[in-house]
Amino acid sequence: MMPETDEVADVADAVVRLPGMRVAYDGAPFDETALAATWTEQLQNWLGQAISEGVAEPNAMVLATADHEGHPSSRTVLCKGLDERGVVFYTNYTSAKSHDLTATRYASATFPWYSLQRQVTVRGEVEKVGSAETAAYWAQRPRGSQLGAWASPQSRIVDGRRALENALRGIERRFGDVEEIPAPPHWGGWRIRPDFVEFWQGREDRMHDRLRFRRTDDGWLVERLAP
Ligand SMILES: Cc1cc2nc3c(=O)[nH]c(=O)nc-3n(C[C@H](O)[C@H](O)[C@H](O)COP(=O)(O)O)c2cc1C
């Protein structure tokens, strides 16, 4: 459907206004004395604040991967585990992102908490989550999500919406009498084991605070980066 004339004007106006669109940040200082002792505790603290402040999808993170030729891709996934080993998300092991991770074993993920004027980026090697941990998370998923994971050949080209819905009907029939649907063999978790974790707090005049934990042979270092 073609947009009405006024809508066209609004869209054009929004594009013209792009260069002037910015938010003046005014976050409280975030300095070395305020930093928790470990990246894990600091991320847990900020995640807790994102949840209590009502950030939409506070555990959403933008996952960046690259293929074996260095072509980057990014997409949102949900963080489903966070401890000193790293951050965990679940996905299809035959998806484009999993192909990238299998090829390079490396990823970066950013939590974009715009309403808090914060972001956190983790970067490091990836590993598959163990089958017991994957099974425990799978068991918590709603049945509809479990069926969808079986039915969707994630990242493949499909022959229209109807083909997907037919695949879902087929899976519903297959598991109709099964009370506990098992996890598909092509589905599971990835853990990013960070060697860099950067905490970013927006401040006045673009003089933002950037504090980074960096893993070294002698343990973790904390470094401040220019904004
Ligand atoms: C808020 C949000 C959360 C998402 N969470 C996940 C997730 O946890 N796992 C997943 O595989 N895809 C998730 N997706 C879909 C992905 O962004 C992406 O479309 C899909 O994983 C296919 O990516 P790929 O083709 O690059 O592998 C989410 C999308 C959004 C918008």
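The values are calculated or read from the model by the stated rules, or taken from the named source; none is laboratory data. Computed from a predicted model, the values in this text were never measured in an experiment. Cβ: placed from backbone, ideal geometry, glycine included. Neighbour counts: every protein chain shown.
Note on region 58-115: among residues that are of a type in the set (K, R) and either in contact with a Ser or Thr (Cβ under 8 Å, 6 or more places away or on another chain) or in contact (Cβ under 8 Å) with a residue 60 or more places away in the chain (or both), the one that is farthest from the ligand (Cβ to nearest atom) is R85.
Residues in region 133-147 that are within 17 Å of S98 (Cβ to Cβ) and not hydroxyl-bearing (S, T, Y): E133, W138. In the set (1) assigned to a loop (DSSP other than H, G, I, E, B); (2) touching a strand residue (DSSP E or B) at 6+ places or on another chain (Cβ under 7 Å), V62 fails one condition alone, (1).
Of all residues in region 148-189, how many are part of a loop (DSSP other than H, G, I, E, B) and either in contact with a Cys (Cβ under 6 Å, 6 or more places away or on another chain) or of a type in the set (D, E) (or both)?
Our first condition is that a residue be part of a loop (DSSP other than H, G, I, E, B); within region 148-189, this holds for 152-160, 175-186.
Those still in the list that are either in contact with a Cys (Cβ under 6 Å, 6 or more places away or on another chain) or of a type in the set (D, E) (or both) too: 159, 177, 179-180.
Within region 148-189, residues that are part of a loop (DSSP other than H, G, I, E, B) and either in contact with a Cys (Cβ under 6 Å, 6 or more places away or on another chain) or of a type in the set (D, E) (or both) number 4.
Of all the residues in region 83-124, those that are buried (at least 21 other Cβ atoms within 10 Å of the Cβ) and outside any strand (DSSP E or B) number 4. Among the residues of region 89-135, those that are of a type in the set (G, A, S) and closer than 30 Å to S52 by Cβ comprise A107, S108, A109, S115, G124. Against the list (1) more than 26 Å from A50 (Cβ to Cβ); (2) within 16 Å of the ligand (Cβ to nearest atom); (3) aliphatic (A, V, I, L, M); (4) touching a Gly at 6+ places or on another chain (Cβ under 9 Å), the condition I157 fails is (4).
If you scan region 198-227, which residues turn out to be among the hydrophobic types (A, V, I, L, M, F, W, C), assigned to a loop (DSSP other than H, G, I, E, B) and in contact with an Asp or Glu (Cβ under 9 Å, 6 or more places away or on another chain)? Show your work before the answer.
Pass one, region 198-227, residues among the hydrophobic types (A, V, I, L, M, F, W, C): 199-200, 207, 211, 213, 220-222, 225-226.
If we keep only those that are assigned to a loop (DSSP other than H, G, I, E, B) too, we end up with 207, 225-226.
Result: L225, single match.
Being surrounded by fewer than 18 Cβ atoms within 10 Å (Cβ to Cβ) and in contact with a Lys or Arg (Cβ under 7 Å, 6 or more places away or on another chain) holds for only one residue in R161, R193, R141, and it is R193.
Please tell me if A50 is in contact (Cβ under 8 Å) with a residue 60 or more places away in the chain, within 16 Å of the ligand (Cβ to nearest atom), within 28 Å of R123 (Cβ to Cβ) and not in a loop (DSSP other than H, G, I, E, B). Outline the logic, then answer.
Working: in contact (Cβ under 8 Å) with a residue 60 or more places away in the chain: yes; within 16 Å of the ligand (Cβ to nearest atom): yes; within 28 Å of R123 (Cβ to Cβ): yes; not in a loop (DSSP other than H, G, I, E, B): yes.
Answer is yes for this residue.
Could you tell me whether region 202-212 includes any residue that is in contact (Cβ under 8 Å) with a residue 24 or more places away in the chain and closer than 30 Å to E127 by Cβ? Give the steps one after another, and end with the answer.
Step one: list which residues in region 202-212 are in contact (Cβ under 8 Å) with a residue 24 or more places away in the chain, which gives 202-204, 206, 208-209, 211.
Filter again for closer than 30 Å to E127 by Cβ, leaving 211.
Scanning region 202-212 turns up at least one residue that is in contact (Cβ under 8 Å) with a residue 24 or more places away in the chain and closer than 30 Å to E127 by Cβ.
Restricting attention to region 143-195, the residues that are aromatic (F, W, Y) and over 22 Å from the mean Cα position of the chain (by Cα) add up to 1. Being farther than 25 Å from G219 by Cα, modelled with pLDDT under 95 and either surrounded by 18 or more Cβ atoms within 10 Å (Cβ to Cβ) or not basic (K, R) (or both) is a property that does not hold for P72.
Looking only at region 142-173, residues that are charged (D, E, K, R) and closer than 15 Å to H186 by Cβ come to 1 in all. Pairing each residue of region 129-144 that is over 11 Å from G81 (Cβ atoms) with any residue that is of a type in the set (D, E), provided the two are 6+ apart or on different chains, yields C-beta distances under 8 Å for A139/E180.
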